C-alpha cells in the first residue's frame, strides 16, 4: 500500500506498516509489535463502540508516527 501511494520513502510509515503487517499476518518479527498489540487491547477494553475504538487506536498510531518521524535534512 505504501508503494502504491508513493509513501514508501517515509520511514515512519514504513516502520508502522511493518508493525501492522506483523500483527495482522505475522511474518518477520518486529520488536515493537507486542507493545502496540497491548496498547490496542487496552483501546478495545476502553471503547464502547467501533467509533471509540478507532479514536483510541488513532492516538496510538499518531504517537508512533511522532516517535519514528525524522524530518528531511536540509
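Within region 45-58, how many residues are free of Cβ contacts under 8 Å to residues at least 12 places away in the same chain and part of a helix (DSSP H, G or I)? Let's see the steps before the verdict.
Taking region 45-58 as the starting set, the residues that turn out to be free of Cβ contacts under 8 Å to residues at least 12 places away in the same chain are 45-55, 58.
In the following step, the residues that additionally are part of a helix (DSSP H, G or I) were identified as 45-46, 50-55, 58.
Looking only at that region, the number is 9.
Restricting attention to region 23-55, report how many residues are closer than 17 Å to residue 66 by Cα and surrounded by 14 or more Cβ atoms within 10 Å (Cβ to Cβ).
Selection size over region 23-55: 4.
Scanning region 11-22 for residues that are in contact (Cβ under 8 Å) with a residue 24 or more places away in the chain and surrounded by 13 or more Cβ atoms within 10 Å (Cβ to Cβ), which turns out nearest to the chain's Cα centre (by Cα)?
Restricting to residues being in contact (Cβ under 8 Å) with a residue 24 or more places away in the chain and surrounded by 13 or more Cβ atoms within 10 Å (Cβ to Cβ), the top hit is 16.
Can you tell me which of (1) over 10 Å from the mean Cα position of the chain (by Cα); (2) free of Cβ contacts under 8 Å to residues at least 24 places away in the same chain; (3) over 19 Å from residue 1 (Cβ atoms) is the one residue 63 doesn't meet?
(1)
Among the residues of region 23-34, which ones are within 11 Å of the chain's Cα centre (by Cα) and outside any loop (DSSP other than H, G, I, E, B)? Show your work before the answer.
Quick first cut of region 23-34, residues within 11 Å of the chain's Cα centre (by Cα) only: 23, 32-33.
Listed by number, the residues that qualify are 23, 33.
A short reminder: the numbers here are calculations on the coordinates, not readings from a lab. The structure displayed is predicted, hence computed values, not measured ones. Backbone-built Cβ (ideal geometry, glycine too); neighbour counts: all protein chains shown.
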